[in-house]
Every structure is written in C-alpha cells, then in structure tokens.
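The values are calculated or read from the model by the stated rules, or taken from the named source; none is laboratory data. What you see is a predicted model; the values in this text were computed from it and never measured. Keep in mind that these areas ignore ligands, DNA and RNA; they rest on the heavy atoms of the full protein, side chains included. Shrake-Rupley method; radii C 1.70, N 1.55, O 1.52, S 1.80 Å.
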Amino acid sequence: MQALLLWRFCFFCVLAAVQVSAQGKNTQGGFLDFNLYPHLTDVDTDSVFTLNAAAKLKHRFSYFSLLNFYSQDGSGSLGDADAFYTEQNIRWQISEGSPLDLTLQLNFRTGEDNDRHRLGVRWRLSDTGFLQEFFKSIHLRYSINLHAVQFDHEDPHIWQLEHSFMLKFPYISNRLYLAGFADHIFNQELPSTIPANPVVMEAQLGYRLVENLFIVSEYRINQYRRSDVNNLALGLQYKFIW
C-alpha cells in the first residue's frame, strides 16, 4: 500500500511540474528533481526516493523543500516505503542584493511528537560582494544557515548549523556536478552511543546522461544511527526546470 501511494504521489508531482513549468505564472524560476535509488550498499532502510523542490517567489521570498521516503526493513531498497521525512523552507532576503535571508524551516516525519520547526538566518557566502569572485573562480555555490531557535518537544536551547553547496567542473565536463548538505546539531540530549554534536550529511555526484536525466551516486553520513553510520546510494535523477 505504501509503495502504491508513493508512486501515485510521484505521478501527481510530475503533472504539477509540467503545469507550473508550462504556465510560469506563480514563480520567477524554480525546479523539481526526482531521485530514485535502486541500490543502497549498507543500509537498506535508508532513503530510496527523494523529491527536491525550489521556487523563487515575489517580494524577495523563496521556497525550498525536500521529501524522503524510506524503505521498509527487510523489503529491499525498492520495497514498500513505510516512513518519510520532509523539510519545508520559506526564506526572505532582507534587502535587494543582500546575501542574508531570514528563514523558517518546518520538519515533519513519521511517528508522534517528533516534528521540529526552526527560525534562523542564512548567509549565502557565494553571493557576498567581497567573496563572489573567489567562489565564481572555483565554480562553487555555498551557504550556511544558523537555525538559532527551535520549537519542538525537546530542550529549546538546541541549535543547528546547516551547510549546503553546489560545485561544478567545467574544466572536466559541463555535465558533472557535486552537491550536498551537512547538518550539525548542538546541545541535544542523546544516548552515549551517539556523538555529542551529531552530523547528518549527503554528497551527491551527478552526471547528465541526456537532457535532464542524470545518473547519481550519493554518499551519506548519519551519526544518529548507532551502527551503519555510512551509506552509499546509486540511482537516477530527473529534473524539471522552469
């Protein structure tokens, strides 16, 4: 049943992407990318499907989200999906040309009493005046988000640094990229088997095969897992851009 719901969801997302990209009325640019991972090397219950979405909105607002579906234990990498995790981000650029954004992040996941919401400030270093030429010369886009305030069932003093990047390799191939994120959490009460300030990160190496179809390899680190911290996912990505 979960797998059927997943594929129905993907189908409707594709229809929505086609409609938005065709009309182009509600946003000033954006994308949807669909990532399917038929092969996971170490952790079969890791994410097997990811949907990323982004849109540039009016009045200096922007939107970014990710949605992960996780495979059921013992069902194989493309078996029934029985868990999900999503981040919904609304960002507001504080002034025209500024590299700083005020951010709101809403986290939802499978289970009870575990949703999490954050307020913060994002610094787009690669859009910062005195740093722009350097980042441009190495073909890197990089930002860091300080989630200073957290609302959930845990200690309110938990805070997070979220890094994101996109690196291209035009001197090798315009088809190649490396992109990812690293979330670093502080002041969370955790079992002794988990690092005091755990990191969750992903680095995706992608190569464009044809048009908007990519083959991807994704290296993952999740220090909340007490074993099998590392994982490697292999799959395909298709991107709608408008």
(message) On a 1.4 Å probe surface of the protein chains, which of Thr86, Thr41 comes out largest in accessible area, and what is the full order?
(response) Thr41, Thr86
(request) In whole Å, largest first, what are the principal axis extents of the Cα atoms in the stretch 146-236? (result) 47, 28, 21
(message) Using 20 Å as the Cα-Cα cut-off, could you pick out the over-long pairs in Lys136/Lys168; Lys58/Lys136; Lys58/Lys239?
(response) Lys58/Lys136; Lys58/Lys239
(message) Restricted to Cα positions, what overall size does the stretch 94-205 have along the principal axes? Three whole-Å values, descending.
(response) 47, 34, 24
(request) Just check the stretch 104-145 against the gyration tensor rule for me: Cα atoms, a ≥ b ≥ c as the square roots of the eigenvalues, rounded for a/c under 1.5, and otherwise prolate or oblate depending on whether a/b exceeds b/c. (result) prolate
